[in-house]
Amino acid sequence: MERLKAAAPLVGTAFVILFLIGLQSWLRFSAVSGRSHRIVMWHSYIGKEETVLKEIVAKYNADPALNQGYKIEILSVSFGNFPDKLTNSLPRGQGPDIFIYAHDRLDDWHSKGLLAPMDFWADKDLLGDLTPTQTVNAFIKKNRLYGIPLTAKNLALYYRTLPDGTSPEQEIRELMKTGKWDIQSFKKLAKKYTRKCPWNSSLKCYGLGYMADDAYHHAPWLHASGGRFVSESGKIQIKTPEAIDAAKIAWDLAGDHAGAVCPPELSYPLMSDLFNRGEIAMVISGPWFMSQIDMKKVKFSVTDLPSSQGRYAAPFLTIEGIYMSSRAANPEAAFRAIRYLTGEASSELRARNAGQMPVIRSVQNRMRGECITNPDCAFGKFHYENFNRIANKSIVMPSSAEARILWSPYTKALAAIVRRNVKPEKALAEAAWETEKYLGACLRRGK
Amino acid sequence: MNSHSSIRMFLTHLFLIVFTILTLYPVMLVVRKSLSPGDNFSRSLNPVPKELTLKHYKDVIGSRDSTGRSLFGRQFLNSLVVSLITTIMGLFLASTAAYSFSRFRFAGREIGLTMFLVVQMFPATLIMIPLYVILDRLGLLNSMTGLVLVYSTTAIPFCVWMLKGYFDTIPKELEEAAWIDGATRFSMFWRVVLPLSRPALAVTALFSFMTAWNEYILAETFLNEETAYTLPVMLQHYVGSHSTSWGKFAAGSVIVSVPIMVLFYVLQKHLVGGLTAGGVKG
Amino acid sequence: MRFTCPIPTPKRITMAFTLGLSALLLAGGLFIVMRVQNKTLENTAIQDGNRLLYQAYSGKSPQSLDLAGFFILNTIPGSNSKLFNFNMISGWDHAKPAEKLSGKLNTLSETSKDKRFQALLRKAHDAGAETLSTGRYYARFESRPGKPPVLIFSIRTSPNQVSVVFMPLKKRAPSAPWLMLFISLLATIAVVFFVSNRYAPIYGVLTFACLAGLTISAYRMNPSGPFYSFLTEGFRGFGKGYFVAGWLGLSAITFALAITWFTGHASRFFRALREFRLAYTYIFPAMIGMMVLVLIPFAAGLALGFFNHCRGEFQFVGFSNFIDILSGGGSSLTNPLNFWFTLGVTILWTSVNVFLHVSIGLGIALILKDPLLKMKGIYRVLLIIPWAMPNYITALMWKGMFQQQYGAINILLDNIGIGSISWFSSFWPAFMANVITNTWLGFPFMMVVSLGALQSIPTSLYEAAEVDGASKWQQFKTITLPLLRPALFPAIVLGSIWTFNMFNVIYLVSGGEPGGATDILITEAYQWAFKRGERYGLAAAYATLIFVILYLYTKATNKITRAAEDM
């Protein structure tokens, strides 16, 4: 008896393990048995976008004529962990059948063999009516189609009526009409609104709010200066005269000096708070910013970014779409689901309730037509007209693996320029050197 | 003498109150965010919210999946089950091992002890991929069992070290006395050493519980169903690609930290039990 | 203590090794046979595909090959020029091989609603597009659960025409994971052998049940896992390397054991095993878990440091990752990317933090220990909140408080008259911001540990000191500190390890600003893995260096522990 007691830890563990294994097999078997007739979809939407997606899926699952027995199961994966979870699980058969993500990981996932091409099903119905035209091309890699677009997102200029009743609207309209809406006049305008707040002199008001030290938000200035992050031939460009010009624009607007028109060290929640209070008159942000605005109190509008010497300050266009896994258990059924989720009915629902700009022309036209009779139409409410116009002029965000390496050094360089007044030449040279180092042997060996 | 000590008491309290308020200020900001509407960070310094709303809490607790099942209850339960089993398993595995390390001078003891310490030194992010493969091989992905096993093995090294340190301070004479009374090794361990190490057991229990309770990266990587997720995983889902639901994030954080405080409150009395209750003197 | 255990006699050891080695030989033999078989299988399959196409085109008499499908596709000129679009010229399925190649290809219309045909056509389309985009032939096995895999073979037959063949392999997957069961059996024999006669049957049965259960569940539950694919996909399954690695590992262990046996280490080991069997029994449960879930990933992490990752492929590069890091990678000593710079920051970071954690934690614990103090419980609960609340949100709160213009700290400093500080624009303020946040997060833990540890000091000692007229400070120095040491010491060692690897605070508060200067080694490793083009190998090398540094640190502290134990 005593001896048995002495061995108790061992026996105890053995039993615990056996019990857990038993429990485990029971759970796993029940999970696997239902697997053949479901389509697993991963996404990282939050808030309204998630709610509406769930509604659409519920509709699809409820209609046997649509789903033909294959129901969609949604898994929400946090945005930060999405790519890692996907690359971990897909090759081991644990991943989703279809998943929603922006187009900028296409190159990475394609080279790892995670994606299934969908061009077999691609037809006029599916691709012919998409707008802007860049949206389709974003998902094409080596003549094969890997994603169907859901929506496109890009930056735009927000401005609001301030608490004292003034608004930059009139001036912006005037400048646009006379064709003088360029970076110089934009800066002058922002400068005008950078002052002690007229309604509370203890506060400082700013003309502009944007994330000056972030490469994505810096892109319009680079494009307006005639530069590109990635050249036509796919080569990374960092320290070019255009990039230095663009960095100077950023420093002018938001650098650490008395003439800056943008508050330092902005973060999104802080920026939206300041905009809601009227302490920032204009903000450069994407459609996602709209959900942060206090619609009841703030009267705001969205418009084009300024240009420089006739070159438009084109923001990046990010296209969100649905991909199919190369391990999808039933590609035919999975594609049926994708077709529905990206289709007209779904697109319209997402546009009306989730603020996702429709990228199907017929949906756009139908919704636009509504606005003639109904001033509260969704197309006007979400400023789709403006976003769509800007999207047509936008530059598709590069999706190559090399381009993705660029963001971190570039952002670091911008932070140095904007926050610590480092000379653009020096900071960009540093970024160029770092990028070269990060690319390492992987790129040099060639593709 | 009496007035002197009451002045001292007053000063002690004053210091503690000021210190506690300073400590709690950032926490109060989180609470303020969770109680005020919208997702913006108010830039005012006042920790009391201007407008009170329970909407964020309602949203967090009322979250549902696409088939309309309530998620919060399940996820809370998952968290609780995983953390409790982790605590029990961690304590059980660690106390036996720590006892051995503390009481026996066996071959390989040094190596073993070092090993238990060394394995924590490798950053977890790089261990995740091999761990995923192992769990996949064992068929333990997407299950609580796998998560519990991973968490308890992560917590073991710490627990072993803490308990070993404490066991070392318990005089061997007590066990020798029990040995003379005819006790076995196991009953010495179970009846003499463990009851005397309640403070250390409380600390390690709290630690194991928190390891499991606050973890989200492994949980999210290993689990593939929303109803299987734990609470911190859900919390991460309020952080989106472009915007974050700060209100819900803060409300969720407050909810997540409440059980730990409750647990700590329960464990407190053990923290101050220990040797003072008897033992050496007797 | 009172266990009786027969010392393993040389005879029994010899027997075990004979058994083990023969088993390994058997496994190795199996391995070679299957490998050869599968390789030829694949080769013949491709040859068959080629021959078939040749016969189809040259009009020669068909062989009786079991085909699942055959397609000839033409690209559609001018249709969406960015994509490959095909017209089906001819195709078949469902038909018997003899009919298929009897000269008349039964052309099916492209709009056929037959699901199976559509799926086949899609696969043909994909294979054809692959051929056209790579410009060479394309062959792929498609595994089907429970059935032999199908070979899909596609070749370019004219500038804008491809032909695709579907051909099932004749080999079937074994119906049970025999190999795994066999390994379980081996393990069981080993266990039975090492355990004393009395308990051998129990342990044997338990081990076998565990291992076999695990095996079967792993096999049955994971039809797409590599073990299964080794069984179904044959050669391609081997290519995934798990079996090979396992086999090599097993034989390495056997050889190591054989060597220890010859040198006499084995018998000493067995003697120790018998002598301290009670000690080992107590450690065993924790050890087994650690082995599987901590040590194996740990070893994998170490090994990864010798590889370079590029677009999903790993390549062995020897020590070059380490050389790259230790030489500073071409950056000067003052560059934040230089390993030695980061190491300096990390050591400074760790020592400042641990010092603050321990002194504040212990100080508060001593105050809270005062038996006369009321409301201790409330203070204790309130003061652990920084530890209880998830640090990924509180760290963000702190970041907000350090904001240059709207942050609480700067507004406070402004009001006092010190003037606001731009926290993240230069090194020391940014470093201090991190330290303040982490001290806030870390002191409650030390407080709780100290509270527990203080309990191990008998109050009688203080009473005696009180009688001797010792001052509070003397009591603290002569009683509290020395007696706290054994219990507090592990916490300090562990605390420094955690602080050394404290990722969240650095990443969320300063984010490495200015210019990466406040990054510590772990955030640097993370960035190499996730922000700088997935250089997993380099990140693992960083992690290995972190490990080596911490290992040396604990070695040094171990000496102190040992000195303390000997007291």
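In this structure, is residue B:50 more than 22 Å from residue B:262 (Cβ to Cβ) and at pLDDT 85 or above?
No: the conditions fail for residue B:50.
Tell me which residues, restricted to the range B:206-229, are over 23 Å from residue B:158 (Cα atoms) and either under 16 Å from the mean Cα position of the chain (by Cα) or not in a helix (DSSP H, G or I) (or both).
Passing the criteria: B:223, B:224, B:225, B:226, B:227, B:228, B:229.
Specify the residue that is farthest from residue C:270 (Cα to Cα); the eligible residues are those in the range B:114-127 that are more than 7 Å from chain C (Cβ to nearest Cβ) and surrounded by fewer than 21 Cβ atoms within 10 Å (Cβ to Cβ).
Across the range B:114-127, the extreme among qualifying residues is B:124.
If you take the residues of the range B:158-177 that are within 8 Å of another protein chain (Cβ to nearest Cβ) and not β-branched (Val, Ile, Thr), which of them is surrounded by the most Cβ atoms within 10 Å (Cβ to Cβ)?
My answer is B:166.
Do we find a residue being at pLDDT 85 or above, touching a helix residue (DSSP H, G or I) at 6+ places or on another chain (Cβ under 7 Å) and charged (D, E, K, R) anywhere in the range C:515-532?
Yes, there is a match, as at least one residue in the range C:515-532 is at pLDDT 85 or above, touching a helix residue (DSSP H, G or I) at 6+ places or on another chain (Cβ under 7 Å) and charged (D, E, K, R).
Do you know which residues across the range C:369-416 are within 9 Å of chain B (Cβ to nearest Cβ) and of a type in the set (Lys, Arg)?
Scanning the range C:369-416 gives C:369, C:374, C:376, C:380.
Residue B:215: crowded, with 22+ Cβ neighbours inside 10 Å, over 28 Å from residue B:97 (Cβ atoms), acidic (Asp, Glu) and modelled with pLDDT of 85 or more, yes or no?
So residue B:215 does not fit the description; no.
Which of the residues spanning the range B:62-102 are crowded, with 21+ Cβ neighbours inside 10 Å and facing chain C (nearest Cβ under 8 Å)?
B:93, B:94, B:96, B:97, B:99, B:100, B:101
Filter the range C:482-504 down to the residues that are under 16 Å from residue C:441 (Cβ atoms) and of a type outside the set (A, V, I, L, M), then identify the one that is surrounded by the fewest Cβ atoms within 10 Å (Cβ to Cβ).
Looking at residues that are under 16 Å from residue C:441 (Cβ atoms) and of a type outside the set (A, V, I, L, M), I get C:503.
Can you say whether residue C:444 is within 10 Å of chain B (Cβ to nearest Cβ) and either closer than 30 Å to residue B:204 by Cβ or modelled with pLDDT of 85 or more (or both), as far as the supplied structure shows?
In short, yes.
Residues in the range A:304-319: is at least one without any contact (Cβ under 8 Å) to a residue 60 or more places away in the chain and part of a helix (DSSP H, G or I)?
Within the range A:304-319, none of the residues are without any contact (Cβ under 8 Å) to a residue 60 or more places away in the chain and part of a helix (DSSP H, G or I).
Determine whether residue C:506 is more than 20 Å from residue B:101 (Cα to Cα) and touching a helix residue (DSSP H, G or I) at 6+ places or on another chain (Cβ under 9 Å).
yes
Do we find that residue A:219 is touching a Lys or Arg at 6+ places or on another chain (Cβ under 8 Å) and either free of Cβ contacts under 8 Å to residues at least 24 places away in the same chain or more than 18 Å from residue C:404 (Cβ to Cβ) (or both) in this structure?
It is false that residue A:219 is touching a Lys or Arg at 6+ places or on another chain (Cβ under 8 Å) and either free of Cβ contacts under 8 Å to residues at least 24 places away in the same chain or more than 18 Å from residue C:404 (Cβ to Cβ) (or both).
Any residue at all in the range A:226-237 that's within 14 Å of residue A:305 (Cα to Cα) and not in a helix (DSSP H, G or I)?
no
To keep it simple, each residue is scored yes or no on (1) within 13 Å of another protein chain (Cβ to nearest Cβ); (2) surrounded by fewer than 23 Cβ atoms within 10 Å (Cβ to Cβ); (3) touching a strand residue (DSSP E or B) at 6+ places or on another chain (Cβ under 8 Å); (4) in a loop (DSSP other than H, G, I, E, B).
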residue	(1), (2), (3), (4)
A:256	yes, yes, no, yes
A:271	yes, no, yes, no
A:288	yes, yes, yes, no
A:291	yes, yes, no, no
A:295	yes, yes, no, yes
A:298	yes, yes, yes, yes
A:323	no, no, yes, no
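Of the numbered conditions (1) crowded, with 22+ Cβ neighbours inside 10 Å; (2) at pLDDT below 90, residue A:319 satisfies every one except a single condition; which is it?
So the condition that residue A:319 fails would be (2).
Might you let me know whether the range C:466-480 holds any residue that is buried (at least 18 other Cβ atoms within 10 Å of the Cβ), part of a helix (DSSP H, G or I), out of contact with any Asp or Glu (no Cβ under 7 Å at 6 or more places or on another chain) and not polar (S, T, N, Q)?
No: zero hits.
Looking only at residues in the range A:347-402 that are out of contact with any strand residue (DSSP E or B) (no Cβ under 7 Å at 6 or more places or on another chain), within 30 Å of residue A:111 (Cα to Cα) and in a helix (DSSP H, G or I), which one is modelled with the highest pLDDT?
Restricting to residues being out of contact with any strand residue (DSSP E or B) (no Cβ under 7 Å at 6 or more places or on another chain), within 30 Å of residue A:111 (Cα to Cα) and in a helix (DSSP H, G or I), the top hit is A:392.
Consider residue C:335 carefully, then state whether it is within 14 Å of chain A (Cβ to nearest Cβ), surrounded by 13 or more Cβ atoms within 10 Å (Cβ to Cβ) and touching a residue at least 24 places away in the same chain (Cβ under 8 Å).
no
Among the candidates A:441, A:432, which residue alone is surrounded by fewer than 21 Cβ atoms within 10 Å (Cβ to Cβ) and at pLDDT below 85?
A:441
For the range A:32-54, state whether one or more residues are assigned to a loop (DSSP other than H, G, I, E, B), at pLDDT below 90 and over 20 Å from residue B:245 (Cα atoms).
yes
One residue is enough: does the range A:239-249 have a residue meeting the conditions closer than 21 Å to residue A:172 by Cα and either at pLDDT 90 or above or in a helix (DSSP H, G or I) (or both)?
Checked the range A:239-249: at least one residue is closer than 21 Å to residue A:172 by Cα and either at pLDDT 90 or above or in a helix (DSSP H, G or I) (or both).
Answer yes or no: is there a residue in the range A:121-132 that is surrounded by 21 or more Cβ atoms within 10 Å (Cβ to Cβ), in a helix (DSSP H, G or I) and away from chain C (no Cβ under 11 Å).
No, there is no match, as no residue in the range A:121-132 is surrounded by 21 or more Cβ atoms within 10 Å (Cβ to Cβ), in a helix (DSSP H, G or I) and away from chain C (no Cβ under 11 Å).
Restricting to the range B:233-263, name every residue that is within 28 Å of residue B:135 (Cα to Cα), facing chain A (nearest Cβ under 10 Å) and in a helix (DSSP H, G or I).
Within the range B:233-263, B:233, B:234, B:235, B:236 qualify.
Under the condition of being touching a residue at least 60 places away in the same chain (Cβ under 8 Å) and outside any helix (DSSP H, G or I), which residue from the range B:1-50 is farthest from the other protein chains (Cβ to nearest Cβ)?
Once the filter is applied, the top-ranked residue is B:36.
Out of all the residues in the range A:155-211, which are part of a strand (DSSP E or B), in contact with a Leu (Cβ under 9 Å, 6 or more places away or on another chain) and surrounded by fewer than 17 Cβ atoms within 10 Å (Cβ to Cβ)?
A:196
The values are calculated or read from the model by the stated rules, or taken from the named source; none is laboratory data. What you are looking at is a predicted structure, and each value in this text was computed from that prediction instead of being measured. Cβ atoms come from the backbone with ideal geometry, glycine included; neighbour counts cover every protein chain shown.
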